[in-house]
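Read the structure below first, then the notes.
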């Protein structure tokens, strides 16, 4: 059990939040080092067990509300619990985000499951130091073909972790075929963006599929075509997908062939802002536009500039819709909260000179569970609007 102590004073509003910030710590006992496990006390009450990093603004990441060590057995139990949850929430699915950090009580650990292939990311020092335990737990719980780490991303920087990527076990296939809601996709786990595929949008993809029948669809920031293919499968008259990555467009084209909708889909490599401006100049119209930009706001300091970017790209898309046209507008920026997103869409609609009705909202799928006590675990938000 952890034998080093961290004493804190927490505001009641913080509740059971999984992070202890440096300004909440009043003193430590036992001289804990980076990556050590500690017991956290608020006055004389045990808050729980966590992993300690004296070099991070997030001084302690809690993984338990009891006194227990972060060891292989606990990692395996957390993994088994996460799997059971997803079997319930995503019945019949075999490919999903298996572990989602704090939401699965494994702070700093993300694992995506692609059949028997797994992609691991660690963005907290304590889990990075225990990566071998994670690999062992995966091999104990699953029949594993390969495990790849994709630790070449910015969230490691505040923890003082180097960026790296590579194979941890086995031999990954150049392309893995996964299934989501009956749709199949190729995934490049070693060369693709992030972990290779964006499971978080599974609910939004279903909605796009349901809304696409008979429509001319434009998919902007299309990556490997998951929205475009779903739109085509939903009965779209035609689908034009735009992404800046030629490599992604190649996989997207192959995904349309894989699902038998290549005759309906066209994939173009272009800058999104440039493409939308050209469509406007050509007076082109699309009945449904899916807009899924990358995170324009990566930190609080970026919020104003990022919001302007979202406003611009949404206004450009809104101009391309006819009467009754539908805009599916998403943001994966945590700091663009629901009201911020709504306010941005209001100003964008004013810029475009269009009126809309909100017909639906969308968020991250159940394999990205949101903790009630931790708003940071929610980052994906979207509105579905119809020209009125």
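Expressed in nm to one decimal, what extension gain is obtained for the pair residue 281 and residue 55 from 0.36 nm per residue of sequence separation less their Cα-Cα distance?
76.2 nm
Test of understanding: in a Gaussian network model of the chain with alpha carbons linked when under 10 Å, which of 262, 248, 66 would top the mean-square fluctuation ranking?
Largest GNM mean-square fluctuation: 66.
Could you grab the relative contact order for the chain? Cα pairs under 8 Å, six or more apart, rounded to a whole percent.
Contact order relative to length: 11 percent.
For helix 202-211, what angle does its Cα long axis make with the longest principal axis of the chain, in degrees from 0 to 90 and rounded to 10?
20 degrees
Angle between the Cα long axis of helix 272-281 and the longest principal axis of the chain, 0 to 90 degrees, nearest 10?
It is inclined by approximately 20 degrees.
Express in whole angstrom the spacing between the alpha-carbon centres of the range 267-338 and the range 173-205.
The range 267-338 and the range 173-205 have Cα centres separated by 23 Å.
Using the count of nearby Cβ atoms within 10 Å as a rough guide to exposure, how do 51, 359 rank from fewest to most?
Fewest-to-most Cβ neighbours within 10 Å comes out as 359, 51.
For the range 121-139 and the range 345-386, what is the separation of their C-alpha centers, rounded to whole Å?
33 Å
Picking from 58, 289, 147, which is most flexible by a Gaussian network model of the chain using Cα springs under 10 Å?
Greatest mean-square fluctuation among the candidates belongs to 58.
With each pseudo-label sitting 7 Å past Cα toward Cβ, what's the residue 308-residue 376 distance in nm, one decimal?
2.8 nm
When the helices in the chain are scored as -39500 (n - 2.57) per DSSP H run of 4 or longer and the sum is shared across all residues, what 222 nm value do you end up with, to the nearest 500 deg cm²/dmol?
On the way: 9 runs with 105 residues, N = 388.
The helix-only estimate for the chain comes to -8500 deg cm²/dmol at 222 nm.
Relative contact order for the range 192-311 using alpha-carbon pairs under 8 Å, separation at least 6, rounded to a whole percent? It would help to have the intermediate numbers written out before the result.
Details: 196 pairs, mean separation 30.0, N = 120.
Relative contact order of the range 192-311: 25 percent.
Could you identify which residue out of 138, 46, 74 has the top mean-square fluctuation in a GNM of the chain using Cα springs shorter than 10 Å?
46
Mind running the shape call on the range 297-388? Use the C-alpha gyration tensor, a ≥ b ≥ c as the square roots of the eigenvalues: rounded below 1.5 for a/c, prolate if a/b tops b/c, oblate otherwise.
In terms of gyration-tensor shape, oblate.
Relative to the first principal axis of the alpha-carbon coordinates of the chain, what is the inclination of helix 131-141, with its axis defined by its Cα atoms, in degrees from 0 to 90 and to the nearest 10?
Roughly 70 degrees, rounded to the nearest 10.
Testing the spin-label approximation: label points 7 Å from Cα along Cα→Cβ at residue 175 and residue 68. State their distance in nm.
Those two pseudo-labels are separated by 4.3 nm.
Over what distance in Å are the Cα centres of the range 70-88 and the range 209-261 separated?
Centre-to-centre distance over Cα atoms comes out at 35 Å.
Let me check against my output: what whole-number percent is the relative contact order of the range 198-387, with C-alpha pairs under 8 Å and at least 6 apart? Write out the running numbers ahead of the final one.
Details: 394 pairs, mean separation 38.9, N = 190.
For the range 198-387, the relative contact order is 20 percent.
Hey, rough spin-label estimate for residue 194 and residue 155, points 7 angstrom out along Cα→Cβ, what's it come to in nanometres?
For residue 194 paired with residue 155, the spin-label model returns 0.9 nm.
Could you calculate the contour length gain from residue 141 to residue 245, that is, 0.36 nm times the residue separation minus the distance between their Cα atoms, to one decimal place in nm?
33.8 nm
Give the order of 181, 333 when sorted by the count of other beta carbons within 10 angstrom, beginning with the fewest.
Listing 181, 333 from fewest to most nearby Cβ atoms yields 181, 333.
Just so you know, all these numbers are worked out from the coordinates, no wet-lab data involved. A quick note: this is a predicted structure, and the numbers were derived from the prediction, not measured. For neighbour counting, all protein chains shown are included, and Cβ atoms are generated from backbone atoms with ideal geometry for every residue, glycine included.
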